[in-house]
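One structure is given here, and the rest of the page talks about it.
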Amino acid sequence: MKRDIHPILKEIASIFTNNGKEIYLVGGAVRDMLLGKKIHDWDLTTNALPEEVTEIIRRAGGKVIPTGIKHGTVTVLYKNQSAEITTFRTESDYIDGRRPDKVSYAASIEEDLSRRDFTMNAIALRLPAGEIVDPFGGEKDIKAKIIRCVGNPLERFNEDGLRPMRAVRFASQLGFKIEKNTLDVIPGTLEICAKVSWERVRDEVDKILGSNKPSLGFHLMEKTGLLNLFIPELSTCRGIEQKGFHDFDVLDHSLLACDYAAMKNYSNDVRLASLFHDV
């Protein structure tokens, strides 16, 4: 597959390789590239330490903002383009169910990828050449349209309570299926999910609403217990009949109305109104 790498991205990568450092494009950008989608955000990872990244970029005439320096991340501004660059790292001790209490720098790209949520997001593109690094079979899962955790799904979800919602959201957005072991452990992680801020949950729900068929995501939320946890008003609609009007209960009727709003390409405000119109 042809990898269309932006010239400025290649230039940034060459600056690092000329300084003897490795650098990779990672995360959603690589996944979207493999799906044939246009990429907009550049998340990069390197074996250069944050202070080395800062020095390398400043010598090349760019600017560096220490946006996430605690976790080894800086934002680079170079020739009117921006990118987040993070040093290879591992994470541990997720005390609040969302953010790692301890971050350590890793020795290799493979070690860095092992901390990521799903195999489709654990693929790296070695720059500037564009060679794929895929230790967990993410490219194969993308082709099969499968969402699968990296390693043990229970461990991945207990580390970060937002990940179950992300799994459901990706399934809705991409039309992928969640692999059975990954799906089956979600009900047992709801206590961790409950620790996630409402703002982050809202963002995931908003993305489900923006998908082509939002009911896919909401059905998965219902199946896993996430709907009752985060939107109990909807969950309670299951089994409430509306005889004399139609054959659907209130929940299915609401989901069908939301899907119709999505089919008509109405705004998320209208989709949300459709979803809640009979609550």
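Laboratory data are not the source of any read-out in this text; all were calculated from the coordinates shown. This one's a predicted model, so the numbers in the text were calculated from it and none came from an experiment. Glycine also receives a Cβ, built like all others from the backbone with ideal geometry; neighbour counts cover every protein chain displayed.
Worth a mention:
- Region 140-204 and region 71-89 have Cα centres separated by 26 Å.
- Once you reduce region 225-262 and region 1-56 to the center of their Cα atoms, the two points are 44 Å from each other.
- Out-of-range pairs (alpha-carbon distance over 19 Å; input LYS10/LYS79; LYS10/LYS38; LYS10/LYS207): LYS10/LYS207
- Estimated vicinal HN-Hα couplings, Hz - region 28-39 in sequence order (Karplus 6.51, -1.76, 1.60; Gly, Pro = x): x, 4, 5, 4, 5, 4, 5, 8, x, 9, 6, 9
- Taken one residue at a time, the phi angles of region 127-141 give Karplus couplings (6.51, -1.76, 1.60, θ = phi - 60°) of 10, x, 5, x, 6, 7, 10, 9, x, 10, x, x, 5, 4, 5 Hz. Gly and Pro are set to x.
- 10 Å-binned pair-distance histogram of region 145-279 (Cα, whole percent): 13, 43, 33, 10, 1, 0
- The chymotrypsin sites (Phe, Trp or Tyr not before Pro) of region 156-185 include none that DSSP puts in a loop with a beta carbon having at most 12 other beta carbons within 10 Å.
- Database remark: amide H of ILE123 closer than 5 angstrom to the amide H of GLY27 (H placed geometrically; neighbours at sequence offset of 5 or more, or on other chains; Pro and chain starts carry no H).
- Taking θ as phi - 60° and the Karplus parameters 6.51, -1.76 and 1.60, the scalar couplings of region 113-126 work out to 5, 5, 8, 7, 6, 10, 4, 5, 9, 10, 10, 10, 10, 5 Hz in sequence order, x denoting glycine and proline.
- For GLU22, the residues 5 or more places off, or on other chains, whose built amide H falls under 5 Å of its own are ASN47, ALA48.
- Point-to-point label distance, ASP206-GLU155, nm (Cα→Cβ direction, 7 Å offset): 3.4
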